[in-house]
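Working notes, structure below.
The values are calculated or read from the model by the stated rules, or taken from the named source; none is laboratory data. Keep in mind that what you see is a predicted model, and the values were worked out from it rather than measured. Quick reminder, even Gly has a Cβ in these numbers, built from the backbone with ideal geometry, and neighbours come from all protein chains shown. We work out accessible area using only protein heavy atoms, side chains counted, and drop any ligands, DNA or RNA first. Shrake-Rupley method; radii C 1.70, N 1.55, O 1.52, S 1.80 Å.
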Amino acid sequence: MAGNITFSMIKPYAVQDNYTGPILSMINEAGFRIAALKMVRLTREQAQQFYAVHRERPFYNDLVEFITSGPVVGMLLEKENAVENFRKLIGATDPAKADEGTIRKKYARSLQANAVHGSDSDENAVIESDFFFSKLERF
Ligand code: ATP
Ligand code: MG
């Protein structure tokens, strides 16, 4: 059964470019409920842990460098079939391949600076939101 939560993060550049408001608005209009939200700057160690699944990939060090380059906005989102529905809303990893009207098509700068993260499975949605939010920060 598809789960009803996903974790998202507005990445550096999208935050600096002042797209936090427009991106939250798109998430809202797509019918997601925001259950937790905060702006933080990750330390190198936190970013390495968050992206640990990618540690063997050639882009891992650059990705850690990029994600720690400025503040990010993490959020826990609720909707039916949340992981899949959210990935449809954000579009392909590479914004050049993302569909019109998706968040990445509108707000990404590049494959690396692709505006937002979205969990890729129900299991990772739980792991990532537990990493970001305490019980007191969820509503
Ligand atoms: P995310 O996990 O951020 O939602 P994704 O699941 O679409 O994105 P992943 O394969 O999990 O893509 O890659 C994680 C992130 O690593 C991408 O969002 C992107 O920022 C970066 N990335 C992926 N592939 C590359 C690449 N070939 N070169 C540079 N950066 C990359
Ligand atoms: Mg991913």
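Annotations for the structure displayed:
- Net charge, ALA47 excluded, C-beta distance under 15 Å - Lys, Arg +1, Asp, Glu -1: +1
- Cα lying deepest toward the dipole's positive end in the chain, options ASN4, TYR107, PHE131, charges on Cβ: TYR107
- For the range 14-139, a crude dipole built from +1 on the beta carbon of Lys and Arg and -1 on the beta carbon of Asp and Glu, taken about the Cα centre, is about 300 debye to the nearest 20.
- For ALA92, net neighbour charge (Lys/Arg +1, Asp/Glu -1) across residues whose Cβ lies under 11 Å away: +3
- Net +/- balance of residues flanking SER121 in space, Cβ distance below 12 Å, scoring K and R +1, D and E -1: -4
- Residues whose placed amide H lies under 5 Å from that of ALA14, excluding near-sequence neighbours: ALA115
- In the chain, the portion of solvent-accessible area held by carbon and sulfur atoms comes to 50 percent [1.4 Å probe, whole percent, DNA, RNA and ligands not counted].
- Mean accessible surface per residue for the range 1-126, computed with a 1.4 Å probe while every protein chain stays in place, in Å²: 52
- Relative contact order of the range 5-134, pairs being alpha-carbon contacts under 8 Å that are 6 or more residues apart, as %: 39
- Using a probe of 1.4 Å on the protein chains alone, the accessible area found for ASP122 is around 60 Å².
- Where GluC sites (Glu not before Pro) in DSSP loops with at most 15 other Cβ within 10 Å are excluded, longest remaining stretch of the chain: 1-55
- Only lysine pairs 8 or more places apart, or on different chains, with alpha-carbon atoms under 21 angstrom apart are counted in the chain, and they number 14.
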